[in-house]
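The values are calculated or read from the model by the stated rules, or taken from the named source; none is laboratory data. Given the structure is predicted, the values throughout are model-derived calculations rather than measurements. Glycine also receives a Cβ, built like all others from the backbone with ideal geometry; neighbour counts cover every protein chain displayed. These area figures cover heavy atoms from the full protein model, side chains too; ligands, DNA and RNA do not enter into them. Shrake-Rupley method; radii C 1.70, N 1.55, O 1.52, S 1.80 Å.
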Amino acid sequence: MARRFDVRAQSGFATVALFTFFLLYLPVAVLVAYAFNASESMTAWGGVSLRWFAAAWQNDAVQGAAWRSFVIAASAATIATIAATMAAIATTRTPPYRGLSFKYAFINQPLMVPEIVTAVALLIVFSRIKVWTGYSGLGYLIAAHAAFCIPFAYLPIRARLESMDLTLESAAADLYATPWLAFRRVTLPLLQPGIVAGYMLAFVISLDDVVITEFVKSGGQDTLPTYMLGQIRRSVTPEINAIATAFLALSVVLVTVFFFINRRRTEPQPAYGDKA
Amino acid sequence: MAEDKSVAVEARGITKSFGQGVAALRALDNVSVLVRENEFFTLLGPSGCGKTTLLRLIAGFEFPTYGAILLHGQDIARLPPFRRPVNTVFQSYALFPHLTVAQNVAFGLQMLGRPRAETAARVTAMLRLVQMETLANRRTDQISGGQAQRVALARALAPAPKVLLLDEPLSALDYKLRKEMQIELKRMQNETGVTFIFVTHDQEEALTMSDRLAVMSAGRILQVGTPREIYEHPADRFVANFIGETNFLQGEIQASGEGSAEVRLDLGVTLKATLPRGGLPRGRTTVVVRPEHAVLGPAGADTGLSGILENIVYSGVDTQFHVRLASGGLFLVRAQNSHGAPAQLPGEPVVVTIQDGAAQVVGD
């Protein structure tokens, strides 16, 4: 009876599923495999080797770009998470009012506006500011990244706040906690998994960005993705594969760490309306 | 009255409206009530009657549109909840899920900045009071609903509030546990000497636990009194109907004297009924009779209401007799079961005799 409505029982389900997985993961698998290629070629297999990892590791340009990526991602994610936490509290701990959904849309604007539009706009604005101030450091990239990372940090934090039992905050106030203490001792600890999730998401999104970075960066400010893009325009060696593989490994590690942190934080609190 | 030391909480002319203009909903309408020191006071009423709103106003989660709330003579109506020496036991318990049982109980004391040693001692004492010492280091999801209830109580009592507010705290418990907790709550109130203001929609709970109770409906307080006063002398039709089972009889007041009146019922019988306090109604009136204050007898007696016994419902402790009166209305008689089967059988003509002074005149 139940099987009839089960999507897995539909004919062709397995074929579609396999084809989709194939499309998703085969290119990644090939990329990772060729990172271990001993030969110079991207197409011919020359045996297993770590030489391209070593090459990438010793490449000053790669090191510089990786460090820049990390600094930008860490700073932007921090700024974005703080802003997103404040925005999430402001938009959930208030009775609904006219214009609230407009505010949601406004906060999530970077998700809707085509990235290339933002990139061009920032290029124009920042070039003006560069002329006026003479400053051309990483600040522009950090500001740009923080801006488009906010919605990614905002969404999990808001979801967490919405699933939180408001009575807990009332209880804290009832037990003599001032609004600030209630926030620090009750709301913030309960919000932590959402904040961690938001930070991780913002970090990964920043790390991954090409379009806005490409437009905003000054000379010598390549991040890892823009460096890779630049390399592909010239001679392609499996060094690119090695960098991409390292990148992939880092993302997997981040997501795994996040998963475990989140599970540990959420599990002790299934009761009392806390469903996140 | 505010200077009276024996008054713990006084609500004066409280009106609370939610929303604005024509859409405004009046949750409380000019409510005044007085709760005495060390009293177990209950706000009883159906859902939506405003009892929880009144409690939230005392706690400070809402602010009155008009009126004053005096705590030991001082108006606290505009103070935020964290400035009121009043604590709440929430319906959902609202235990902090990221803290242990002991940390939950310590929370209020820590917020008050009490010394560490004092807090620790107080937490131990409170956990002993609610018999939860052995579970002090449990997480709140590792305890049962009844235990969570106890922790919520300990947490609210730990800062030694002047008044403890309880918002239907027993409604989530099963019947047996609820009965146990009713006795426990009463014991804790005696031991701590704290004034309890308890909100419930369960009339039985209200009658068993309260020193005094207020019956509320549609944002107003209809009657305040001891459980006995409320049950035996309901002030109006709503109170009589809401609390316990009741028979309503229509009649005419013939003569009224000191606290009682002769009422000639439409059924042709005259009986002596108690008048509501302060009221001397005349003319058409309603009389209420509790089922256990009436006695069933064989047909022939001339002083009672005659009818036909329609149905007998046996319920362990007592038996209910449904009597169809000559007027067509149904009259309920309840008799304690002692031994043997009832003398009357369904279908037989019977006479219902109402005990002297048991009938109560109520306002409509």
Please tell me the relative contact order of segment B:220-364 in percent, rounded to the nearest whole number, where contacts are Cα pairs under 8 Å and at least six residues apart.
-> 28
Residues of type lysines that A:LYS217 reaches as a straight line, Cα spacing below 23 Å, ignoring anything fewer than 8 places off in the same chain | A:LYS130
Return one quarter of the surface area of the convex hull spanned by the alpha-carbon atoms of the protein assembly as shown, equal to its mean projected area, in nm².
-> 45.8
Specify the longest stretch of chain B that does not include any exposed loop site, a site being one of the GluC sites (Glu not before Pro) with a non-H, G, I, E, B DSSP assignment and at most 16 other Cβ atoms within 10 Å.
-> B:38-244
The percentage of the accessible area of chain A (probe 1.4 Å, all protein chains present) made up of carbon and sulfur atoms, to the nearest whole number, is 70
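Report the gain in length on full extension from B:ALA160 to B:LEU25: 0.36 nm times residue separation, minus Cα-Cα distance, nm rounded to one decimal.
Net length gain for the segment: 45.1 nm.
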In chain B, lysine pairs 8 or more places apart or on different chains with C-alpha atoms under 23 Å apart total 8
So which trypsin sites (Lys or Arg not before Pro) in segment A:193-263 pass both tests, a DSSP loop state and at most 10 other Cβ atoms within 10 Å of the Cβ?
-> A:ARG234
If you take the alpha carbon radius of gyration of segment A:9-135 and divide it by 2.2 N^0.38 Å, what ratio comes out, to two decimals?
-> 1.69
Label model pair A:VAL32, B:TYR66: point-to-point distance (7 angstrom along the Cα→beta-carbon line) in nm is 7.3
Using the beta-carbon distance between B:ARG284 and B:TYR314 and R0 = 45 Å, what value does 1/(1 + (r/R0)^6) give for FRET efficiency, to the nearest 0.05?
-> 0.75
To the nearest 0.05, the calculated FRET efficiency linking A:LEU248 and B:ALA172 through their beta-carbon distance, R0 being 41 Å, is 0.25
Comparing A:PHE13, A:PHE102, A:PHE259, which has the greatest mean-square fluctuation in the GNM of chain A with Cα pairs linked when under 10 Å apart?
-> A:PHE13
Net charge near B:LEU129 (other residues with Cβ under 12 Å of its Cβ; Lys, Arg +1; Asp, Glu -1) is +2
If you average the sequence gap of Cα pairs under 8 Å that are 6 or more apart and divide by the length of chain B, what percent do you get for the contact order?
-> 15
How much length is gained on full extension from A:THR43 to A:GLN63, taking 0.36 nm per residue of separation minus their Cα-Cα distance?
-> 4.6 nm
Per its Cα gyration tensor (rounded if a/c is under 1.5, else prolate when a/b beats b/c, else oblate), chain B is best filed as prolate
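Looking at the square roots a ≥ b ≥ c of the eigenvalues of the Cα gyration tensor of segment B:38-181, which shape do they give, rounded for a/c under 1.5, prolate if a/b is larger than b/c, or oblate?
oblate
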Compute the Cα gyration tensor for segment B:245-362, then decide on rounded, prolate or oblate, letting a ≥ b ≥ c be the square roots of its eigenvalues: rounded whenever a/c is under 1.5, prolate when a/b is larger than b/c in the other cases, and oblate in all that remain.
-> prolate
